[in-house]
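The values are calculated or read from the model by the stated rules, or taken from the named source; none is laboratory data. What you see is a predicted model; the values in this text were computed from it and never measured. Note that we place each Cβ from the backbone using ideal geometry, even for glycine, and neighbour counts take in every protein chain shown. Accessible surface areas use protein heavy atoms only, side chains included; no ligands, DNA or RNA. Shrake-Rupley method; radii C 1.70, N 1.55, O 1.52, S 1.80 Å.
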Amino acid sequence: MEKKNIDWANLGFGYIPTEKRFVANYTKGAWDNGVLTEDATVTMSECAGVLQYAQTVFEGLKAYTTEDGRVVTFRPDLNASRMADSARRLEMPVFPEDKFIEAVVATVKANMAYVPPYGSGATLYIRPYMFGINPVIGVKPADDYQFRIFCTPVGPYFKGGVKPLTIKISDFDRAAPNGTGNIKAGLNYAMSLHAIVTAHEEGYDENMYLDAATRTKVEETGGANFIFVTKDGKIVTPKSNSILPSITRRSLMHVAKEYLGLEVEEREVYKDELENFAEAGLCGTAAVISPVGKIVDHGKEICLPSGMTEMGPITKKLYDTLTGIQMGRIEAPEGWIKEIK
């Protein structure tokens, strides 16, 4: 299929509507088969459950053109599973996981002209989401729901190379110990907006949220998990029931152990030990790993030995290996790559 006339190399990370999106509806206790449509609008009651009580969950994944010209997605089964967990927590009907993957494939196939070419630095971002759509005025779950997938071509997260971030330890709490921090609910991201705007106004790139109960342990940022490298080369990620289980983070831990032969550990990470790490990064779908160069704790600067000019050496190996797997340059573990045919 002939590609759209898009300046792929200069795409930003924003929304560009494509020709088709997938829509399925849940009514009378069952999902319909869903359809592909050209209509990018959503029509609902002014009293829809999502508008009144934020009953919505979402996912994010990408489609890539590999080195040998195939179009693939990365571990969509984990997105399907995580969305099912999110739906259960918000008393929403689960969209069947096999149907989720089928819908992702159908949506990408219908928009193949928007999948950026290999080597452009761009990808096709895929956004599945679901929300309560019928009128709800009392505080309760909706009865009817809509599941949708749209996609949009996006540029690389970094422009002009990787610049380590400066982040601050936030005074705000991202999630309660027994709250919704471990699911991908829209309400979690709404809660982080004031904190991130405040951080940007103060000259920081991102926030580091601590656990709400004791404010002594590292959790995550508003939209990414942390990954740390000790001075003896061990990979460490924070463990908490209120952290979103990042698919990228889980993949990086596997890559570190099985491909790079590094020791890995998921455990509670205390704020007081931050100055002992050699490297740090934020990991997620958008950039795989965003390196962290400096952490500021209420005026106290913790400067990572990896510095403020480039990724640390181990972080760079992790990044290069995982992106190599995604782009087909390195053989992937069984089941990680879903080809779109």
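Of the trypsin sites (Lys or Arg not before Pro) in the stretch 5-55, the ones in a loop by DSSP (not H, G, I, E or B) with at most 11 other beta carbons within 10 Å are LYS28.
Using a cutoff of 8 angstrom between alpha carbon atoms and counting only pairs six or more residues apart, the relative contact order for the stretch 255-295 works out to 22 percent.
Based on Cα contacts under 8 Å between residues 6+ apart, the stretch 236-326 shows a relative contact order of 27 percent. Both radii were evaluated on the Cα set of the stretch 118-247; the Rg over Rh quotient, with Rh as the Kirkwood radius, amounts to 1.02.
Within the listed set PRO291, PRO141, PRO164, the Gaussian network model of the chain (springs between alpha-carbon atoms below 10 Å) gives the highest mean-square fluctuation for PRO141. What distance in nm lies between label points placed 7 Å from Cα along the C-beta direction at ASP320 and ALA113? It works out to 3.9 nm between the two label points. When the Cα positions of VAL162, ALA190, GLY34 are compared along the charge dipole of the chain, GLY34 comes out farthest toward the positive end, with charges on each C-beta of Lys, Arg, Asp and Glu. Phi angles of the stretch 109-114 translate, via the Karplus equation with coefficients 6.51, -1.76, 1.60 and θ = phi - 60°, into HN-Hα couplings of 4, 6, 10, 4, 5, 9 Hz per residue; Gly and Pro are given as x. Backbone phi angles across the stretch 310-326, fed through the Karplus curve with coefficients 6.51, -1.76 and 1.60 (θ = phi - 60°), yield HN-Hα couplings of 7, 4, x, x, 6, 4, 5, 5, 4, 4, 5, 6, 5, 5, x, 5, 4 Hz in residue order; Gly and Pro are listed as x. Modelled label positions at ASN33 and LEU187, each set 7 Å beyond Cα in the direction of Cβ, lie 3.6 nm from each other.
Based on alpha carbons, the Rg and Dmax found for the chain are 20.2, 58 Å. The accessible area of CYS47, taken with all protein chains in place and a 1.4 Å probe, comes to roughly 30 Å². Accessible surface of ILE101, taken over heavy atoms with a 1.4 Å probe and every protein chain present, rounds to 40 Å². Based on C-alpha pairs under 8 angstrom that are at least 6 apart in sequence, the stretch 1-64 has a relative contact order of 20 percent.
By the rule of a C-alpha distance below 19 Å, with chain neighbours fewer than 8 residues away ignored, the lysines paired with LYS28 are LYS99, LYS140. Mean residue ellipticity, 222 nm, helices only, the chain: the sum of -39500 (n - 2.57) across DSSP H runs of n ≥ 4, divided by residue count and rounded to 500, is -6500 deg cm²/dmol. Legend: residue pairs LYS217/LYS317; LYS184/LYS316; LYS3/LYS62; LYS163/LYS184; LYS168/LYS271, Cα-Cα distance threshold 19 Å; pairs beyond threshold, LYS217/LYS317; LYS184/LYS316; LYS163/LYS184. As a fraction of the 1.4 Å probe accessible area of the chain, surface on carbon and sulfur atoms comes out at 50 percent. Each residue of the stretch 187-204 was assigned a 3J(HN,Hα) from its phi angle through the Karplus expression (A = 6.51, B = -1.76, C = 1.60, θ = phi - 60°), giving 4, 4, 6, 4, 5, 8, 5, 4, 5, 6, 4, 4, 4, 5, 5, 8, x, 9 Hz with x at Gly and Pro. Paramagnetic label reach from HIS254 (point 7 Å along Cα→Cβ; backbone nitrogen cut-off under 17 Å): within the stretch 269-292, residues 284-285, 288-289. Label positions at SER45 and MET1, each projected 7 Å from the Cα along the C-beta direction, are separated by 3.7 nm. For TYR157 and SER81, a Förster radius of 25 Å and the Cβ-Cβ distance give a FRET efficiency of 0.50, rounded to the nearest 0.05. The magnitude of the dipole of the chain, with charges of +1 and -1 set on the Cβ of Lys/Arg and Asp/Glu and taken from the Cα centre, is near 360 debye. Take the chain with all the other protein chains still there, run a 1.4 Å probe, and you get 46 Å² of accessible area per residue.
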